[in-house]
Amino acid sequence: MEASFSSLVGSPATALRPPSSHERRDVCRGEAGILVDALLTRVARGHGALDVALGEALAALAEGDRVLRLGFSTVRDYARERLGIGGTAAQGLIRLARELRDRPLLAGAVRSGEITVRQAQTVLAVARGDEEGAWVERARTCTVRQLEKAVRETGAEPPEESEPWERVDLMLSPEGHLVLDEALALAGKLLGAAAPVWDRLEVICQEYLGAHPSPEPEPGGKRPEDDIFHGRISRWREEWKDALEAETRWAFLQAVETYAAPPPLPSTHPQALDAELRRLSAARDRWDEVLGHLAMLMRMLGLWRDARFATFDHYCSQRLGLSLRTVEQRIWLERRLYELPELRVAMREGRLSYEKARIVAGAATEETLARWLARGEEATCVELRREAQAEEKAQMCERSEFRVRVPGRMVRLLGELV
């Protein structure tokens, strides 16, 4: 079923409060799961249509000196400061748009909403030349996991799934902070000034482990892949996903509506592209709020289990066509918006972009919110993030602790140092 794209650029519905613990017990889970899923999949597909259009316009803006004529040195800077889209996310949208230029059949299927962005990214490596049509047809009927297996059978590798992120808390004295700051600064010289803390920390860990390798396991000793919390659980989870996909195909859920991306702008003049990008990003921001709220309900109530998915990640990738990290970021921000309602007002009134709201949500408390809102309206995203990091660092030094969010692989890497 294809819906009009214009239905996704209006104002979102009024957000509801999160359900309390006693309300969760009284939910009619089967009915609630179907209803929330129907709304959430609709918003997720519309979000994907907006991403396609944004990627095409950003790719056009990246050509020649167009972005310079708007007063920005790079498209990443433009996307972050003008649109409120993170630099890494913007680069991903641009990369997909450029890849689709050489794959007209795949591009047409993505633009029409017949296949999701996630499905298109999965088959990019093999959907070429005479094989493109066959892979597009397969993408129309197969799940993401089925496509990944088919791609691997050809000898190619599908893109890696996004890792879950975790928070690491360590006790660290003020003297230890000074040593860590020096090490992070040295890592920054290697990776670049814009490298995040977790990226620098990974380089430090790898450097140490390279000079101090872990001892080889004793004969007959336990190997990492035998750990029940890693190898066995992972294999069991994959088998469970296969069984659920083969058993249900989720036929009891409502058919997913498709949304065609808006047509590309005929003009490539920088000012015209800028106006179109701001219009698309404003629509994306409005529906990000709805996406966050519905995804929060789906996760808090555990409705993905009633929809017959093995994990919430499984639900996000197969049903929504979105990565787990993308959905989790919006759930986290939505929860913070309930705690800081004035921040929600600032976003809706356009005083703060989505990217700035994320920074403020992570730094502000009820007592300091007014100050952060005022600063957010006048500072750039880069300035705001640096100030938030500086304040967080000062607070950590006071408490003699070190706190950082890192990808899952970093948790395992840090575990090797303990």
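The values are calculated or read from the model by the stated rules, or taken from the named source; none is laboratory data. Quick caveat: nothing in here was measured; it's all calculated off a predicted structure. Every residue, glycine among them, receives a Cβ derived from its backbone with ideal geometry; neighbour counts consider all protein chains shown. SASA here: full protein model, heavy atoms, side chains in, ligands and nucleic acids out. Shrake-Rupley method; radii C 1.70, N 1.55, O 1.52, S 1.80 Å.
Does VAL256 meet the test of being modelled with pLDDT of 85 or more and aliphatic (A, V, I, L, M)?
Details: modelled with pLDDT of 85 or more: no; aliphatic (A, V, I, L, M): yes.
No; evaluated as a whole, the condition is false for this residue.
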- Going by the structure shown, is ALA134 in a helix (DSSP H, G or I), closer than 21 Å to GLY46 by Cα and not aromatic (Phe, Trp, Tyr)? no
- Does any residue in segment 131-142 that is open to solvent by less than 60 Å² (accessible area, probe 1.4 Å) come within less than 9 Å, Cβ to Cβ, of a residue that is of a type in the set (Asp, Glu) six or more places away or on a different chain, and which pairs are these? VAL136/GLU114; ALA139/GLU114
- Item | Check on GLN119, touching a helix residue (DSSP H, G or I) at 6+ places or on another chain (Cβ under 9 Å), assigned to a helix (DSSP H, G or I) and in contact (Cβ under 8 Å) with a residue 40 or more places away in the chain | yes
- When every residue in segment 302-327 that is open to solvent by 20 Å² or more (accessible area, probe 1.4 Å) and in contact with a Gly (Cβ under 9 Å, 6 or more places away or on another chain) is compared, the one nearest to ARG80 (Cα to Cα) is TRP304
- Contacts under 9 angstrom Cβ, first residue in segment 66-94 being closer than 20 Å to THR268 by Cβ and of a type in the set (Phe, Trp, Tyr), partner at pLDDT 90 or above and open to solvent by 60 Å² or more (accessible area, probe 1.4 Å), 6 or more apart: PHE72/ARG82; TYR78/GLY71
- Message: Looking at ASP199 and the list (1) surrounded by fewer than 16 Cβ atoms within 10 Å (Cβ to Cβ); (2) modelled with pLDDT of 75 or more; (3) assigned to a helix (DSSP H, G or I), which single condition is not satisfied?
- Response: (1)
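Filter segment 100-116 down to the residues that are in a helix (DSSP H, G or I) and either open to solvent by less than 60 Å² (accessible area, probe 1.4 Å) or closer than 18 Å to THR326 by Cβ (or both) and list them by number. Explain how you work it out, then say what you get.
Just the residues of segment 100-116 that are in a helix (DSSP H, G or I), to begin with: 100-101, 104-112.
Those that are in a helix (DSSP H, G or I) and either open to solvent by less than 60 Å² (accessible area, probe 1.4 Å) or closer than 18 Å to THR326 by Cβ (or both): LEU100, LEU106, ALA107, GLY108, ALA109, VAL110, ARG111, SER112.
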- Run GLU157 past the list (1) among the acidic types (Asp, Glu); (2) touching a residue at least 12 places away in the same chain (Cβ under 8 Å); (3) assigned to a loop (DSSP other than H, G, I, E, B); (4) closer than 23 Å to ALA310 by Cα and report the number of the one that doesn't hold. (4)
- So is ALA97 crowded, with 22+ Cβ neighbours inside 10 Å, of a type in the set (A, V, I, L, M), over 25 Å from ALA357 (Cα atoms) and more than 16 Å from the chain's Cα centre (by Cα) or not? yes
- Message: Checking the structure you have, find out if any residue of segment 11-21 is at pLDDT below 50, part of a strand (DSSP E or B) and not hydrophobic (A, V, I, L, M, F, W, C).
- Response: no
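Would you check if VAL75 is open to solvent by 20 Å² or more (accessible area, probe 1.4 Å) and among the aliphatic types (A, V, I, L, M)?
Working: open to solvent by 20 Å² or more (accessible area, probe 1.4 Å): no; among the aliphatic types (A, V, I, L, M): yes.
In short, no.
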- Query: Restricting the search to segment 336-365, which residues are farther than 14 Å from ASP288 by Cβ, open to solvent by 10 Å² or more (accessible area, probe 1.4 Å) and touching a residue at least 12 places away in the same chain (Cβ under 8 Å)?
  - Reply: TYR338, GLU339, GLU342, ARG351, ILE359, GLY362, ALA363
- Of the conditions (1) outside any helix (DSSP H, G or I); (2) closer than 28 Å to GLU377 by Cβ, GLY64 clears all except one; give me its number. (2)
- When (1) farther than 20 Å from ALA282 by Cβ; (2) under 24 Å from the mean Cα position of the chain (by Cα); (3) surrounded by 15 or more Cβ atoms within 10 Å (Cβ to Cβ); (4) at pLDDT below 90 are applied to ALA32, the one that fails is (2)
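Anything in segment 259-285 that is closer than 20 Å to ARG344 by Cα and either aliphatic (A, V, I, L, M) or surrounded by fewer than 16 Cβ atoms within 10 Å (Cβ to Cβ) (or both)? List them, or say none.
Within segment 259-285, ARG278, ARG279, LEU280, ALA282, ALA283 qualify.
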- Message: It is to be established whether one or more residues within segment 366-378 are at pLDDT 90 or above, open to solvent by 60 Å² or more (accessible area, probe 1.4 Å) and outside any helix (DSSP H, G or I).
- Response: yes
- Item | Residues being among the hydrophobic types (A, V, I, L, M, F, W, C), more than 30 Å from LEU54 (Cα to Cα) and in a helix (DSSP H, G or I) - total across segment 235-282 | 5
- Query: Just for segment 241-251: of the residues that are among the hydrophobic types (A, V, I, L, M, F, W, C) and more than 15 Å from ASP306 (Cα to Cα), which one is least open to solvent (accessible area, probe 1.4 Å)?
  - Reply: ALA243
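Yes/no per residue for (1) in contact with a helix residue (DSSP H, G or I) (Cβ under 8 Å, 6 or more places away or on another chain); (2) in contact (Cβ under 8 Å) with a residue 24 or more places away in the chain; (3) open to solvent by less than 40 Å² (accessible area, probe 1.4 Å):
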position: VAL151; (1), (2), (3): yes, yes, yes
position: TRP165; (1), (2), (3): yes, yes, no
position: GLU175; (1), (2), (3): no, no, no
position: ALA187; (1), (2), (3): yes, no, yes
position: LEU191; (1), (2), (3): yes, no, no
